[in-house]
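Take a look at the structure set out below.
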Amino acid sequence: LAQWASIRSFLPSLIRRNMTTIPPSTSVSCRATKNFWTTLESRGTIRLQGPDSASFLQGLTTNDVSKIDQALATSFLNAQGRVLFEAIVFSLSKDSLLLDVPRIQVVEILRLLGRFKLRAKVELSDASDHVAVLAAA
């Protein structure tokens, strides 16, 4: 449990520092925690950038995105309340969020978010080729 706490505190800084420098399909060895980090090829990322990022997601997900500190798990539901997609939301900055989702669903989720964008000041983009999702082994 203590090891998980150190990984959880280390991960957001790793994402922020290496946003564009960790190419997908690489493995990173971390001496600080003596763990082996590997990329999860089955995970994709979607970047939401703009002043309305948090408020845009707030109305579409099951969790309170306005209270995000570092990361939180959430779901997207259909009109009947059934789960369409699950995601982990990372706060990169005040105006930038990152969704960790299954890679095969990235296009579908972007299409869903695009339908609800309307006048929100938010840019949606597939960041899967630029941001890798890591796991400790």
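The values are calculated or read from the model by the stated rules, or taken from the named source; none is laboratory data. All of these numbers come straight from a predicted model, not from anything done at the bench. Every residue, glycine as well, gets a Cβ built from its backbone with ideal geometry; the counts of neighbours run over all protein chains shown. What goes into the accessible areas is simple: the full protein's heavy atoms, side chains included, and nothing from ligands, DNA or RNA. Shrake-Rupley method; radii C 1.70, N 1.55, O 1.52, S 1.80 Å.
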Residues Leu40 and Leu118, FRET efficiency given R0 of 35 Å [Cβ-Cβ distance, rounded to 0.05]: 0.60
7 Å from Cα along Cα→Cβ at both Gln58 and Asp126: what's the point-to-point distance in nm? 3.0 nm
For segment 48-136, with all protein chains present and a 1.4 Å probe, just round the carbon and sulfur fraction of the accessible area to a whole percent. 49 percent
Pull out a ≥ b ≥ c, the square roots of the eigenvalues of the alpha-carbon gyration tensor of segment 75-137, then state rounded if a/c is under 1.5, prolate if not and a/b is larger than b/c, and oblate in the remaining case. oblate
Whole number in Å², please: accessible area per residue of segment 65-108, 1.4 Å probe, ligands, DNA and RNA not counted. 57 Å²
Between Thr62 and residues 5 or more places away or on another chain, the pairs with built amide H atoms under 5 Å apart involve Ser75
